[in-house]
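Colleague: Quick one: this structure, given as structure tokens, is what I'll be asking you about.
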Amino acid sequence: MTAASVGETVLEVQDVSKRFAGVVALDGVSLGLRTGEVHALVGENGAGKSTLIKVLTGAYQPDHGRIVYRGEPVTFARPLDAQAAGISTIYQEVNLVPVLSVARNLFLGQEPTNRLGLIDFAQMHRHTTAILQRYGISVDVRRPLRELGLGMQQMVAIARAVSGDHRVVIMDEPTSSLEPREVERLLEVVDLLRRGGVAVVYVTHRLEEVFRLCDRVTVLRDGRLVHTGPVADISRLELVSRMLGREVAEVARGETRFSDRKTDQATQPILRATGLTRRHVLDHVSVEARAGEVVGLAGLLGSGRSETAKAIYGAQPLDSGSVEVEGAPIRPGSPRAAIAAGLALIPEDRKAEGIVPMLSVRDNIVLAALPRMSRAGFVSERHQDAVVKGLITRLRIKASSPDQKVSELSGGNQQKVLLARVLCLDPRILILDDPTRGIDVGAKAEIQMLISELAEQGMAILLISSELEEVVEGSDSIVVLRDGAVVGQLRAEEVSQDGVMGLIAAARRESDSLPASGGGIEGDATEVDGHVGD
């Protein structure tokens, strides 16, 4: 790739507007992207960021305004047209084919062929391995993508998007599923793109990345552009203030620790999981939680966090182990039995395992609670409406109506719909796997406060987050995992980021000193610079 002159405007949207079912998603937005620049795009969920990206890439056509690319007005009828023109997009939700291999996903639609016109798999595997190694990724490229964790899948999607000859790269929450070391690697890739003259649009809710990486920042609120300017000219509080539409002083007062509860450790656990074991996945994992307690599950990618959550919920098959609620055992491998016992789970991947995209907001919320709402096989629409409207108000779900398709909502509002669904069940134990992934600062604070309120009301909560700071700040105690096994637990005043990382490091040193035939989890987990892919 030859570097373009830095500062030249390569892509513009001019006075673009877009409406959906009477809702204004974009209202006269104008934005210019320059070569050799990383431009942050921020705002709350529902601010219009995803809509703007889809207009830029041809997924949506604007109702008003135009797009100018390399000095000429353009119309992209579909995302493939934008990609062919040199505009690549990395979406927050991994947009690849899970059943195909890593190599097939990286070369999807561009597979190398031999003299007979057939796919040259040997060449494709070599090239894929070389491309991934360029970005510090070591993985068997013949494995189906679905066998990798969400973070590793995201790294493959990023490698695919940036490996071609592109003039514009749009990144929608690229670090939401990544561990710290992978984030560092991604930031290095973004810097390489900038030095190569590529214009990078960087959509993120992690403001530390904005101030560390980006040159300019644009803020959207309620579909309108409220600020564009150099990152160096705005403070963090001012940026959050513009995103939320609140005074700086009010934002400063709101940035407080969201978990200050005192849990009675003398009470008996309401949840007790003992010896959860599955070959290659979990190794005698035990977790306890008391009523009113938030227990964090911490560890690097591949540590077994999500697998532990699913095992407790019955969605992860086990070779041995047991789960009890108030001393009563739950039938293993049965989410139905777990729900009946009072457990509820919000999965890590809301797109693949959570929402039903073609159903409405109402239907998604009441989906799991319909059996409880029915009388003689009939469900009262009035009762449904009352429950749904109450939860929409309580969780501040932004939707045109309960009948709007959930797929039309922003990622943060989809996550709130999942929260509403589990709250319909009145659970006693709530398992949250990365509940604030890809959610803006305002919605994130609301969900964190809701977690705290639910715990104060006596609910036991298991909390997983890809952000260690969130686990530390929100948990009363933390169970630390590595390679599918518990390596320690921190309680009360012991809870800290240094404490978590210290346990992981100590376990790493101990495992490194064992003979090659030593115990632990067997199998072919993929290690990337010391990080094991889920």
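Colleague: For the stretch 267-288, which positions are among the polar types (S, T, N, Q) and either under 15 Å from residue 489 (Cα atoms) or touching a Leu at 6+ places or on another chain (Cβ under 7 Å) (or both)?
Modeller: Within the stretch 267-288, 274, 277, 286 meet the criteria.
Colleague: Those residues that are modelled with pLDDT of 85 or more and either surrounded by fewer than 14 Cβ atoms within 10 Å (Cβ to Cβ) or farther than 27 Å from residue 187 by Cβ (or both), I need them from the stretch 118-145; list them, please.
Modeller: Hits for the stretch 118-145 are 118, 119, 120, 121, 122, 123, 124, 125, 126, 130, 142, 144.
Colleague: Okay, moving on. Within the stretch 311-347, track down each residue that is without any contact (Cβ under 8 Å) to a residue 60 or more places away in the chain and either in a helix (DSSP H, G or I) or within 21 Å of residue 472 (Cβ to Cβ) (or both).
Modeller: Across the stretch 311-347, the qualifying residues are 311, 335, 336, 337, 338, 340.
Colleague: List the pairs whose first member sits in the stretch 78-100 and is within 16 Å of residue 141 (Cβ to Cβ) and aliphatic (A, V, I, L, M), whose second member is modelled with pLDDT under 85 and in a loop (DSSP other than H, G, I, E, B), and whose Cβ atoms are under 9 Å apart, counting only residues at least 6 apart or on separate chains?
Modeller: Correct list of pairs: 96/108; 97/108; 100/108.
Colleague: Hey, another quick one. Condition first: out of contact with any Gly (no Cβ under 8 Å at 6 or more places or on another chain), of a type in the set (D, E, K, R) and not in a strand (DSSP E or B). Now tell me which residues in the stretch 482-495 satisfy that.
Modeller: Once the filter is applied, which keeps residues that are out of contact with any Gly (no Cβ under 8 Å at 6 or more places or on another chain), of a type in the set (D, E, K, R) and not in a strand (DSSP E or B), the stretch 482-495 yields 493, 494.
Colleague: Got at least one residue in the stretch 165-180 being out of contact with any Lys or Arg (no Cβ under 8 Å at 6 or more places or on another chain), under 23 Å from residue 79 (Cα atoms), in contact (Cβ under 8 Å) with a residue 40 or more places away in the chain and surrounded by fewer than 22 Cβ atoms within 10 Å (Cβ to Cβ)?
Modeller: Looking for residues that are out of contact with any Lys or Arg (no Cβ under 8 Å at 6 or more places or on another chain), under 23 Å from residue 79 (Cα atoms), in contact (Cβ under 8 Å) with a residue 40 or more places away in the chain and surrounded by fewer than 22 Cβ atoms within 10 Å (Cβ to Cβ), one finds at least one in the stretch 165-180, hence yes.
Colleague: From the list 190, 210, which residue is under 17 Å from residue 91 (Cβ atoms), in a helix (DSSP H, G or I) and assigned by TED's automatic domain parsing to the domain that holds residue 33?
Modeller: After applying the criteria, what remains is 190.
Colleague: Could you give me the residue pairs with C-beta distances under 6 Å whose first residue belongs to the stretch 43-68 and is without any contact (Cβ under 8 Å) to a residue 24 or more places away in the chain, whose second residue is of a type outside the set (Gly, Ala, Ser) and not in a helix (DSSP H, G or I) wherever it lies, and which are 6+ apart or on separate chains?
Modeller: Qualifying pairs under 6 Å: 54/60.
Colleague: Just to confirm my filter: which helices (runs of 4 or more DSSP H) fall fully inside the stretch 101-187 and include at least 2 residues that are under 20 Å from the mean Cα position of the chain (by Cα), β-branched (Val, Ile, Thr) and under 25 Å from residue 351 (Cβ atoms)?
Modeller: Fully inside the stretch 101-187 and qualifying: 150-162.
Colleague: Something else: So residue 6 clears everything in (1) of a type in the set (A, V, I, L, M); (2) within 21 Å of residue 169 (Cβ to Cβ); (3) at pLDDT below 90; (4) part of a strand (DSSP E or B) except one condition, right? Which one?
Modeller: Here residue 6 meets the rest and fails (4).
Colleague: I've got another one for you. For the structure I just gave you, tell me whether residue 164 is touching a strand residue (DSSP E or B) at 6+ places or on another chain (Cβ under 9 Å) and on the phi > 0 side of the Ramachandran plot.
Modeller: The answer is no for residue 164.
Colleague: Pick from 16, 38: which is within 22 Å of residue 205 (Cα to Cα), touching a residue at least 40 places away in the same chain (Cβ under 8 Å), touching a strand residue (DSSP E or B) at 6+ places or on another chain (Cβ under 9 Å) and surrounded by 21 or more Cβ atoms within 10 Å (Cβ to Cβ)?
Modeller: Working: 16 fails: within 22 Å of residue 205 (Cα to Cα).
Criteria check complete, one pass: 38.
Colleague: Filter the stretch 53-86 for residues that are of a type outside the set (Ser, Thr, Tyr) and within 23 Å of the chain's Cα centre (by Cα) and give the result.
Modeller: Residues satisfying the conditions are 53, 54, 55, 56, 59, 79.
Colleague: So, residue 208, is that one free of Cβ contacts under 8 Å to residues at least 24 places away in the same chain, within 20 Å of residue 237 (Cβ to Cβ) and either of a type outside the set (Val, Ile, Thr) or in contact with a helix residue (DSSP H, G or I) (Cβ under 7 Å, 6 or more places away or on another chain) (or both) or not?
Modeller: So residue 208 fits the description; yes.
Colleague: Test each condition in (1) at pLDDT 85 or above; (2) part of a helix (DSSP H, G or I) for residue 225 and report the one that comes out false.
Modeller: It fails just one condition, (2).
Colleague: A follow-up question, please. Restricting the search to the stretch 16-52, which residues are part of a strand (DSSP E or B) and over 27 Å from the mean Cα position of the chain (by Cα)?
Modeller: Across the stretch 16-52, the qualifying residues are 16, 17, 27, 28, 30, 32, 34.
Colleague: Right, next: I need every pair where a residue in the stretch 218-239 that is on the phi < 0 side of the Ramachandran plot and touching a residue at least 40 places away in the same chain (Cβ under 8 Å) has its Cβ under 9 Å from the Cβ of a residue that is of a type in the set (Lys, Arg) and crowded, with 17+ Cβ neighbours inside 10 Å, sequence separation at least 6 or different chains.
Modeller: Going by the 9 Å Cβ cut-off, the qualifying pairs are 219/242; 220/49; 221/242; 228/216; 231/216.
Colleague: Still on this model: Is there a residue being surrounded by fewer than 21 Cβ atoms within 10 Å (Cβ to Cβ) and either touching a strand residue (DSSP E or B) at 6+ places or on another chain (Cβ under 8 Å) or aliphatic (A, V, I, L, M) (or both) anywhere in the stretch 455-462?
Modeller: No, the stretch 455-462 has no match at all.
Colleague: To continue, here is another question. May I ask you to verify whether residue 309 is surrounded by fewer than 23 Cβ atoms within 10 Å (Cβ to Cβ) and hydrophobic (A, V, I, L, M, F, W, C)?
Modeller: On the way: surrounded by fewer than 23 Cβ atoms within 10 Å (Cβ to Cβ): no; hydrophobic (A, V, I, L, M, F, W, C): yes.
When the stated conditions are applied, residue 309 does not pass them.
Colleague: Look at the stretch 186-204 and say how many of its residues are of a type in the set (Lys, Arg) and surrounded by fewer than 19 Cβ atoms within 10 Å (Cβ to Cβ).
Modeller: Here the count works out to 1.
Colleague: Being outside the structural domain of residue 405 (by TED's automatic domain parsing) and out of contact with any helix residue (DSSP H, G or I) (no Cβ under 8 Å at 6 or more places or on another chain) narrows it down to one of 44, 12, 37, so name that one.
Modeller: 12
The values are calculated or read from the model by the stated rules, or taken from the named source; none is laboratory data. Since the model is a prediction, treat every value here as computed from it, not as a measurement. Because the Cβ atoms are built from the backbone with ideal geometry, glycine has one as well, and the counts that use them run over all protein chains shown.
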